[in-house]
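Nothing in this text is a laboratory measurement; each read-out follows from the coordinates by a stated rule. Computed from a predicted model, the values in this text were never measured in an experiment. For neighbour counting, all protein chains shown are included, and Cβ atoms are generated from backbone atoms with ideal geometry for every residue, glycine included.
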4 protein chains.
Amino acid sequence: MIRVGVNGYGTIGKRVADAVAAQPDMELVGVTKTSPNYGAEGAVRRGYDLYAAIDDRVDEFEAAGLGVAGTLADLLDAVDVVVDCCPSGVGERNRPTYEAHDVPAIYQGGEDADIADASFNARGSYEAARGAGSLRVVSCNTTGLSRLLAPLDETYGVEKARVTLVRRGGDPSETDRGPINDVVPDPTTVPSHHGPDVNEILPDVDVDTAALRAPVTAMHTHSVNVTLDEEPSTEAVRDLLGGESRVFLIPEGAGIDGAGALKDYAADVGRPRGDLWENCVWEESISVEGRDLYLFQNVHQEADVVPENVDAIRALATDASRAESVARTDESLGVGL
Amino acid sequence: MIRVGVNGYGTIGKRVADAVAAQPDMELVGVTKTSPNYGAEGAVRRGYDLYAAIDDRVDEFEAAGLGVAGTLADLLDAVDVVVDCCPSGVGERNRPTYEAHDVPAIYQGGEDADIADASFNARGSYEAARGAGSLRVVSCNTTGLSRLLAPLDETYGVEKARVTLVRRGGDPSETDRGPINDVVPDPTTVPSHHGPDVNEILPDVDVDTAALRAPVTAMHTHSVNVTLDEEPSTEAVRDLLGGESRVFLIPEGAGIDGAGALKDYAADVGRPRGDLWENCVWEESISVEGRDLYLFQNVHQEADVVPENVDAIRALATDASRAESVARTDESLGVGL
Amino acid sequence: MIRVGVNGYGTIGKRVADAVAAQPDMELVGVTKTSPNYGAEGAVRRGYDLYAAIDDRVDEFEAAGLGVAGTLADLLDAVDVVVDCCPSGVGERNRPTYEAHDVPAIYQGGEDADIADASFNARGSYEAARGAGSLRVVSCNTTGLSRLLAPLDETYGVEKARVTLVRRGGDPSETDRGPINDVVPDPTTVPSHHGPDVNEILPDVDVDTAALRAPVTAMHTHSVNVTLDEEPSTEAVRDLLGGESRVFLIPEGAGIDGAGALKDYAADVGRPRGDLWENCVWEESISVEGRDLYLFQNVHQEADVVPENVDAIRALATDASRAESVARTDESLGVGL
Amino acid sequence: MIRVGVNGYGTIGKRVADAVAAQPDMELVGVTKTSPNYGAEGAVRRGYDLYAAIDDRVDEFEAAGLGVAGTLADLLDAVDVVVDCCPSGVGERNRPTYEAHDVPAIYQGGEDADIADASFNARGSYEAARGAGSLRVVSCNTTGLSRLLAPLDETYGVEKARVTLVRRGGDPSETDRGPINDVVPDPTTVPSHHGPDVNEILPDVDVDTAALRAPVTAMHTHSVNVTLDEEPSTEAVRDLLGGESRVFLIPEGAGIDGAGALKDYAADVGRPRGDLWENCVWEESISVEGRDLYLFQNVHQEADVVPENVDAIRALATDASRAESVARTDESLGVGL
Ligand SMILES: NC(=O)c1ccc[n+]([C@@H]2O[C@H](COP(=O)([O-])OP(=O)(O)OC[C@H]3O[C@@H](n4cnc5c(N)ncnc54)[C@H](O)[C@@H]3O)[C@@H](O)[C@H]2O)c1
Ligand SMILES: NC(=O)c1ccc[n+]([C@@H]2O[C@H](COP(=O)([O-])OP(=O)(O)OC[C@H]3O[C@@H](n4cnc5c(N)ncnc54)[C@H](O)[C@@H]3O)[C@@H](O)[C@H]2O)c1
Ligand SMILES: NC(=O)c1ccc[n+]([C@@H]2O[C@H](COP(=O)([O-])OP(=O)(O)OC[C@H]3O[C@@H](n4cnc5c(N)ncnc54)[C@H](O)[C@@H]3O)[C@@H](O)[C@H]2O)c1
Ligand SMILES: NC(=O)c1ccc[n+]([C@@H]2O[C@H](COP(=O)([O-])OP(=O)(O)OC[C@H]3O[C@@H](n4cnc5c(N)ncnc54)[C@H](O)[C@@H]3O)[C@@H](O)[C@H]2O)c1
């Protein structure tokens, strides 16, 4: 059993905790919270042990009727791996603590690439991550792009990918995030930093990205163009992507017309939190013109990195091969629609 | 066992079906669909028998690989009660069919009040609905208001209630609903029809409503003022509402600041589809100034009527008392946060 | 000629500058900017003299090709009145500077009431502001409420007013303001601070307010209930409000159904920036039930305080009566639709 | 003087009418309305003669206090050119009427290309439109693309253009348009019909488009990639586009970060209705990587086709060259920021 702690129990942390708890070969030792808010109460209801992220706040938790099992230091002493799910930049501040406790750490995509020994995406760089002492699971957008470009590059060769990322402005619970009634170039400069981040996973793929921010909370939307080295048929590409375990082809004629319906479908089939762990590629949009492939995909920013974190734990702490880890993660969670 | 059929498997229908399937004294015989879209596939995945709502579309379902157990007529022949969850106005068109099959029917709030023998809300009119041959579960907004005003009227007497309803523009999956970047008076005339609809449940409560439509999909928000006959303390009102099984007091200091966080909390505690069956009253907002009570409440339009439909089935088909039915519904679903 | 300077040339400042420039008895000496952004360029295009709000940034303006006429100190030396239109709280920091230069100042509603000798609204407190050495024009929402409640109180007596304010989340150019897809109680406590702010203008009117924030940028929407001392007819109230110079009754049947159409109409009739200086009361919504008046009004947050600032200048610097000032302001701007 | 009538006085029609009225060589004979709504009143306030679009509604206008100068037939008898600005598809129904009156007609982009003898964009196809008996001004998106691709193709040659169109969901006054909180592939198939529409103007340019619909009302956003035949410097492309009269380069460092600020700037410089007739290209986004050009541009859907309609009138009714017409249109309106 790999003993795992989650430091930072927010949007990503709570999902990683649930996913770890669902693994037969892992034990969720506990999660940290900085204050006894509704998330902390939710953790307790799920039966997770709470640890105070900040030492002198233990009393605050007790006052709120939420007992804590210890502090972050206690949690670190009890785990084989810590998954840092703190806000961007806080992971960097936490790093010395993890190192002092000699606990291998997994960071999230909001941190700079050099925070860890390697950047991680199960489809794109599992084997390359072997032997690392720490890993950084790339961001939701980079995860979505890596899963798409890896099989295309392997099968047909990618001459150049050009992607417009229409990013969600904030997560559903972030009431202070905008924009309202605006689609904002962010960054205004093109190409954006997302392409180079993909190269942390797939160093040889030529990819340019342009990023916008839109007044939506549910999902990112990617408008993808890939000039391939070969000229496959549209059908062949559809089959290739349909065969990927973490790609869901939104079927034509199913009546799914946007992120709202997609999440409705996820709830229909019983997904916890309505989560979509897979890239959601619009089947009808896949189109090859000469060597130019076009498609739209939606990425559930809160969820797609979750199975990746599980695999990153195995890559860091076990000898499991990519195929073994991915199969185990997917089966225990129910990835694949 | 009460044998139940659900005609119209959309936003409300799929939730009613799940809730019926969860009752120990009910059997979900099946649900109807007009076409084999993603909702139909979701129903099949849940193990529900599909019936074709439109006779000559059986082939379409077969072609999509979704076997049907029969047509609406077959479903009606096999049930004790049908719950009509079709779009507004379609229930009226379905009524003669239900009557021809001699099946007691429950309609939704999008239908006119005179479609059924009585309008229904478990808290406000369970006993009054006794003996009816058909019932209409009032709309999400009316349900939310009835649950609030019933205990206030019983305990303190309501001199007059004045409520502004800031309604969601559409459900999450309705991409064709607006407004974008506008808060629209709808109807422009004040008072709106919601007050009279409350009077279908609580005939003696004086209530004026004013309704707006906003560019949000998650929940309705009600800004409530009630002039009471007495002058209770703020604390007393808080206790009264906190004691209602279908009212959730959003706790101060929990870090919940909007509908997004509310639904995040619902998912945290494991609610299917992130559903909030309860009125969500902002505890901090409850305030009594003289005889004037103020508060905000949020209502999850997709969910609050669901336990009401379950109780309506028992009111129509059994001798169970209100207390018995509500307790059974709440326990089987897990109502109460 | 009253020589006027505007310190802070943003949403409000640029409109106040235009309005001052349009007055026959005023001279706009200049406006300040903290940096040479598009607003500064716009000011220059309009022929307004630019002053550097921050002394050591003069070079930055020169580098951008925008000559400045001096610094804030220079501007203050050249004016009879300064209108502070800086962000909330910055006015308080500027106060000692204005006092050191012995220049009477007008502040905006984002400042605390005690920043100035008196709070100001032409309809509600022009005469009370006489003799003050500084004034604070109350916020957009308070201005809208004062204009409505003043005539109602004078004519019928207000027993109690209860208002729900559905506020815009941000101005159109504020891309960092949320919420997205949420209506947020803000503040969660009821009554909100807006009622007491009205009492700075109308001390004797009993008014409770509840405030929400919505994902829109164009206007605020107020859902108003006023219990009057008398029982006027709906028609009488309509006539009363229709007779107010800064109230526009949105006519029934004109096809105006929201803030978007309202602003379209403002542009149709040639309003600069599509500004609506008037309270926009939905004629069809006006309704008297017993002594209870209901109505919806929309308030253009960027514009309604503009004529008030002009009148505040006259109240501070001249002997003009309210009637004289308001008539002059309204005529020069074209207030009244 | 060219006598011009505008049939359909909505979003586009009212702007075309204003633009025609501003031309020294044109006379706006009148505009039609189907009903006496706020737009009709706005037209009268501007001094435009009203004609009843539907014969038997003349009385309705009179009843609303808005006198009409006649019916559509009367208008057609009095003009040299009619500009049809009716909703998509209505132009097709109007065509026989125009032909019966033997009046050359200009249609809008909502109509099919074959409604007229030629499709029109001043930059792309002025000379090709010569001698046509009727013209169709292409849609707002196609206009924006044509203005961009024409100079690029002339100067460097376009090997292939790939554009993602993030379209506004509706115009500001359209309260019934969605989506709310969703970015919708529309159409889901890629490439979309916008590319072929560009080919109505620039037949030899290879362009693939992918279209989304977002919950915004102010502008469209285009994410553009163009593979050129040559390898110009970023600076050269910037200069080329900066030299186009109907392209505005949004300057770096001006503090403009979205459509809201863009429209604020338009209002600052005095644009009627805050209209942006130009393509708004984000200067900072222009970037050439090898032969791949990237940039973002915003298009004001309500405004960019307006100067094009003016030029279309001259192309249809005069011998003016493109250069003469464009110069005259731009000068009279003030195109160019
Ligand atoms: N939300 C997304 O869409 C998304 C997607 C992929 C990756 N990420 C990345 O995941 C990371 C976490 O993002 P998130 O969206 O979950 O953020 P979040 O704000 O939802 O959650 C962060 C949690 O960490 C807690 N926290 C803050 N400081 C802490 C500390 N010092 N110690 C322990 N806990 C602390 C916060 O209270 C909060 O509960 C970031 O790097 C982010 O870039 C986010
Ligand atoms: N969505 C809400 O917020 C909400 C809340 C409370 C009450 N209601 C009421 O519930 C009812 C259903 O609303 P909804 O939101 O679930 O609508 P919906 O559109 O989500 O679902 C209606 C379903 O009925 C199906 N249908 C249409 N015609 C049919 C027919 N002839 N036979 C069988 N099925 C048919 C549709 O395919 C769809 O699946 C309405 O009366 C509505 O006013 C809705
Ligand atoms: N925007 C509204 O809806 C609205 C409505 C009514 C009242 N108000 C009040 O008006 C005031 C101004 O608000 P706004 O919306 O115009 O803000 P804004 O941010 O649009 O404009 C403020 C301007 O002041 C400038 N500024 C900042 N610091 C400065 C300094 N030290 N010296 C000089 N200039 C400085 C900024 O650069 C900006 O141009 C606030 O008190 C606000 O509460 C705003
Ligand atoms: N709005 C845009 O963003 C935009 C941009 C470019 C092109 N277009 C095209 O311009 C055309 C007009 O679009 P719009 O947005 O101005 O529409 P709109 O709905 O704003 O205006 C259309 C006007 O025509 C009137 N009308 C309807 N039927 C009529 C009839 N039979 N006779 C006379 N008038 C009639 C309507 O009352 C309305 O005033 C469409 O082809 C559209 O595709 C629109």
Would you calculate, for the protein assembly as shown, the mean residue ellipticity at 222 nm contributed by helices, counting each DSSP H stretch of 4 or more residues as -39,500 (n - 2.57) and dividing by all residues, to the nearest 500? -10500 deg cm²/dmol
Using a Förster radius of 22 Å, what is the FRET efficiency between B:Glu127 and B:Asp25 based on their Cβ-Cβ separation? Nearest 0.05, please. 0.70
Out of A:Val81, A:Val305, A:Val58, any idea which swings most in a Gaussian network model of chain A, alpha carbons joined below 10 Å? A:Val58
Taking only C-alpha pairs under 8 Å that are 6+ residues apart, what is the relative contact order of chain A in percent? 17
May I ask you to sort B:Ser332, C:Ser139 by Cβ crowding, counting other Cβ atoms within 10 Å and putting the fewest first? B:Ser332, C:Ser139
Please list, by residue number, everything in segment D:274-315 whose backbone N is under 14 Å from a paramagnetic label point 7 Å out along Cα→Cβ of D:Glu252. D:282-288
In which sequence would D:Val269, D:Val288 go, from the one with the fewest C-beta neighbours within 10 Å to the one with the most? D:Val269, D:Val288
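In cubic angstrom, how much convex hull volume per residue do the alpha carbon atoms of chain D span?
Numbers: hull volume 44.2 nm³, N = 337.
Spread over its residues, the Cα hull of chain D gives 131 Å³ apiece.
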Could you give the distance between the Cα centres of segment B:11-70 and segment A:269-321, to the whole Å? 29
Label 7 Å beyond Cα on the Cβ vector: C:Gly67 copy-to-copy distances, nm: 5.2, 7.8, 8.8
What does the average come to when, for each residue of peptide D:163-171, you count the partner chain Cβ atoms lying within 10 Å of its Cβ? 5
Rounded to the nearest 5, what % of DSSP beta bridges with both residues in segment B:140-299 are antiparallel? 65
Nm distances between copies for A:Gly253, ranked from closest, using label points 7 Å along Cα→Cβ: 5.1, 5.8, 5.9
Euclidean distance between Cα centres, segment C:144-158 to segment A:203-226, Å: 53
Do you know the relative contact order of segment B:140-299, to the nearest whole percent, from alpha carbon pairs under 8 angstrom that are 6+ apart? 28
Got a sec? Charge dipole of segment A:140-299, +1 on Cβ for Lys and Arg, -1 for Asp and Glu; which of A:Leu241, A:Tyr294, A:Gly170 is way out at the positive end? A:Gly170
So which residue of A has the beta-carbon closest to the axis that swings A onto C, and how many whole Å away? A:Gly178, 2
Averaging the inverse of every distinct alpha carbon separation and then flipping it gives the Kirkwood radius. What is it for segment B:140-299, in angstrom units? 16.2
Projected label distance in nm at C:Asp102 and B:Ala236, using a 7 Å step from Cα toward the beta-carbon: 6.2
When the charge dipole of segment D:179-336 is computed with +1 on Lys and Arg Cβ and -1 on Asp and Glu Cβ about the Cα centre, the Cα farthest towards its positive end, among D:Pro251, D:His222, D:Ile313, belongs to D:Ile313
List the distances, in nm and shortest first, from the label point of A:Ala236 to the matching label points in every other copy, placing each point 7 Å from Cα along the Cα-to-Cβ direction. 3.7, 8.0, 8.4
Cβ density ranking, 10 Å radius, fewest first, applied to D:Phe296, C:Phe248 yields C:Phe248, D:Phe296
As a percent rounded to 5, the proportion of antiparallel DSSP bridges among beta bridges in the protein assembly as shown is 40
Determine the percent antiparallel among the DSSP beta bridges restricted to chain A, to the nearest 5. 40
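About its Cα centre, how strong a charge dipole does segment B:140-299 have in debye, to the nearest 20, once Lys and Arg get +1 and Asp and Glu get -1 at the Cβ?
About 600 debye.
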